[in-house]
Amino acid sequence: MSYGSVEQILYDVSTSRSHREAFRQNPEEASGKYALTDAEREMVVAVQVEDLFKYGINPMLLMGFWTSVRGPQSIPEYLDRVPKLESRLEALPG
Amino acid sequence: MAKIVSGYIMPHDPSLFVNPQNIERDHLLGAYTLIREKVEALGATKAIIFGADHYILFSPRCLPQFLIATGELHGPIDRLPGVANSPIASDPAFARSLVDYAHGNGFDVAVARDLGVDHAIGVPAQLALPTDGSVKTIPVYMASGVEPYVRLQRAYEFGQMVREAVAAMPTDDRIVLMGSGGISHWVGTGEMGRINPEFDEKVLDAIVSGDPAPLLAMTDQEIMRDGGNGGMEIRHFLAVMGALPGGSGEVLAYEAWPGGVTGLGFAEILPSA
């Protein structure tokens with residue numbers, strides 16, 4: 001489990017033009033330098049926002065990652081796919 | 001002796017500036033202008049602005065609970081229509097004195113020696129302060145957008161510390177405080193677009209009454225449920241309230257604006273007599 005590394009690659013793609021371009025061109029290669037498990041790499045490379053959300057990724061970061069890869073015009077698709085926050089609340093400390 | 005002359009809360013919802021549905025918003029933009037006019041009328045010289053990083057500035061490799069920028073400023077770096085990304089007047093010496101006071105009084109804040117702020121600080125600084133740079137901005141970032149979140153009580157106590165710090169300063173500065181944040185809003189979750197006016201009213205009622213107890217009594221789970229992950233930004237309002245205990249509040253504008261994703265609340269808190 002390398003949750004922090006997942007967030008780091010999402011952050012880098014969201015905030016750095018060079019990382020964003022590299023990921024768009026070859027996500028497998030761009031993700032190669034991050035210490036991800038196979039399952040994590042699959043979620044990231046395929047931009048599986050449903051699974052990434054369930055994994056606990058910060059929603060703001062997740063949306064930023066999505067729009068960086070798919071473009072801001074794809075927000076409706078993102079919102080169709082991403083789970084609701086209420087699905088996470090049971091796991092939160094009171 | 002320096003003094004706090006007023007406090008404000010205001011949103012920074014990017015939708016208000018992008019306005020993708022082209023919905024009337026002049027009355028809401030006018031609330032920023034109203035606050036700027038109030039700041040000018042008060043003769044303010046400094047603005048301490050409390051905001052949250054939106055996972056734009058601080059990476060997973062370093063996530064401060066509290067950060068004060070002690071150097072030069074510009075922004076917002078996440079560009080918004082109608083909000084200039086330009087230098088923001090700062091006062092490094094004043095900011096550093098606030099850091100030193102914090103370090104001596106129970107808050108080991110991090111610092112940024114140069115900072116491009118995001119919209120949480122950039123919107124209030126660019127829209128609610130005089131454009132001539134006469135009011136210097138001191139940004140205070142709190143962990144309200146990325147967990148582990150600053151505890152609500154700690155945010156309030158931070159405001160209390162700021163009050164003490166200001167009272168200890170030998171300058172004649174007149175300081176305004178700004179709590180930057182939407183009220184209810186869900187960002188990047190399946191509920192995005194939902195606004196909860198009941199939650200917003202509860203928060204604004206607490207601000208108007210000057211009683212932080214209803215806000216401090218909330219759990220993070222309750223805030224997430226009723227106010228969304230964006231609702232965690234009420235920490236910034238609590239910091240302002242902590243610095244202005246017993247202050248009387250007034251709502252300047254509020255709307256669950258259909259063009260945005262946030263309960264948009266603007267309020268003023270005046271110091272108690």
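The values are calculated or read from the model by the stated rules, or taken from the named source; none is laboratory data. This is a predicted model, so every value here is computed, not measured. Every residue, glycine among them, receives a Cβ derived from its backbone with ideal geometry; neighbour counts consider all protein chains shown.
Pull up region A:58-68, narrow it to residues that are more than 9 Å from chain B (Cβ to nearest Cβ) and crowded, with 17+ Cβ neighbours inside 10 Å, then point me to the one that is nearest to the chain's Cα centre (by Cα). Can you show your working first?
Quick first cut of region A:58-68, residues more than 9 Å from chain B (Cβ to nearest Cβ) only: A:65, A:67-68.
Restricting the remaining residues to those that are crowded, with 17+ Cβ neighbours inside 10 Å gives A:65, A:68.
Values: A:F65: 5, A:S68: 10 Å.
So, considering only residues that are more than 9 Å from chain B (Cβ to nearest Cβ) and crowded, with 17+ Cβ neighbours inside 10 Å, the one nearest to the chain's Cα centre (by Cα) is A:F65.
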Which is more than 9 Å from the chain's Cα centre (by Cα) and either facing chain B (nearest Cβ under 8 Å) or part of a helix (DSSP H, G or I) (or both), of A:E86, A:E7? A:E86
Note on A:D80: of the conditions (1) over 14 Å from the mean Cα position of the chain (by Cα); (2) in a loop (DSSP other than H, G, I, E, B), unmet is (2)
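Being more than 14 Å from chain A (Cβ to nearest Cβ), under 30 Å from A:E50 (Cα atoms) and of a type outside the set (K, R), is that true of even one residue in region B:150-169? Please lay out each step first, then the result.
Looking only at region B:150-169, we keep the residues that are more than 14 Å from chain A (Cβ to nearest Cβ), and these are B:150, B:153-169.
If we keep only those that are under 30 Å from A:E50 (Cα atoms) too, we end up with B:150.
With the extra rule that they be of a type outside the set (K, R), the set shrinks to B:150.
The answer is yes; a qualifying residue exists.
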Listed by first then second residue, the pairs whose first member lies in region B:104-115 and is farther than 9 Å from B:L67 by Cα, whose partner is basic (K, R), with beta carbons under 9 Å and at least 6 positions apart or on separate chains, are B:F107/B:R154
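Scan region B:219-271 for residues that are among the small types (G, A, S) and in a strand (DSSP E or B) and jot them down.
Of all residues in region B:219-271, those among the small types (G, A, S) come to B:227-228, B:230-231, B:239, B:242-243, B:246-249, B:253, B:256, B:259-260, B:263, B:265, B:267.
Across region B:219-271, the qualifying residues are B:S248, B:G249, B:A253, B:G265, B:A267.
Of the residues B:G227, B:G179, B:G265, B:G193, only one is crowded, with 24+ Cβ neighbours inside 10 Å and within 14 Å of another protein chain (Cβ to nearest Cβ); which? It would help to see each step written out before you state the result.
Values: B:G179 fails: within 14 Å of another protein chain (Cβ to nearest Cβ); B:G265 fails: within 14 Å of another protein chain (Cβ to nearest Cβ); B:G193 fails: crowded, with 24+ Cβ neighbours inside 10 Å.
Result of the check over B:G227, B:G179, B:G265, B:G193: B:G227.
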Per the filter on region B:130-144, residues in a loop (DSSP other than H, G, I, E, B) and out of contact with any Asp or Glu (no Cβ under 9 Å at 6 or more places or on another chain) are B:T131, B:D132, B:G133
So, in region A:14-46, of the ones that are under 22 Å from B:G190 (Cα atoms) and within 14 Å of chain B (Cβ to nearest Cβ), which residue ends up nearest to the chain's Cα centre (by Cα)? A:V44
Considering residues that are at pLDDT below 95 and either crowded, with 20+ Cβ neighbours inside 10 Å or on the phi > 0 side of the Ramachandran plot (or both), the number found within region A:11-41 is 0
So which helices (runs of 4 or more DSSP H) are wholly in region A:14-72 and hold at least 3 residues that are farther than 13 Å from B:Y55 by Cβ and in contact with a Pro (Cβ under 8 Å, 6 or more places away or on another chain)? A:49-55
Pairing a residue in region B:163-180 that is in a strand (DSSP E or B) with any residue that is of a type in the set (D, E, K, R), where Cβ atoms lie under 7 Å and the two sit 6 or more apart in sequence or on different chains, gives B:R174/B:K3; B:I175/B:K3; B:I175/B:K46
Consider B:S248 carefully, then state whether it is within 20 Å of B:L34 (Cα to Cα), among the hydroxyl-bearing types (S, T, Y) and away from chain A (no Cβ under 14 Å). yes
Over region B:41-92, the set of residues more than 14 Å from chain A (Cβ to nearest Cβ) and polar (S, T, N, Q) is B:T45, B:Q65, B:T70, B:N85, B:S86, B:S90
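State all residues of region A:70-83 that are at the interface with chain B (Cβ under 7 Å from one of its Cβ atoms) and without any contact (Cβ under 8 Å) to a residue 24 or more places away in the chain; if no residue qualifies, say none. Walk me through how you get there before you give the answer.
In the first step, residues of region A:70-83 are kept if they are at the interface with chain B (Cβ under 7 Å from one of its Cβ atoms); the result is A:79, A:82-83.
Scanning region A:70-83 gives a single hit, A:L79.
Could you tell me whether region B:48-56 includes any residue that is without any contact (Cβ under 8 Å) to a residue 40 or more places away in the chain and out of contact with any Lys or Arg (no Cβ under 7 Å at 6 or more places or on another chain)?
no
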Can you name the number of the only condition in (1) over 18 Å from the mean Cα position of the chain (by Cα); (2) more than 16 Å from B:L98 (Cα to Cα) that B:P170 fails? (2)
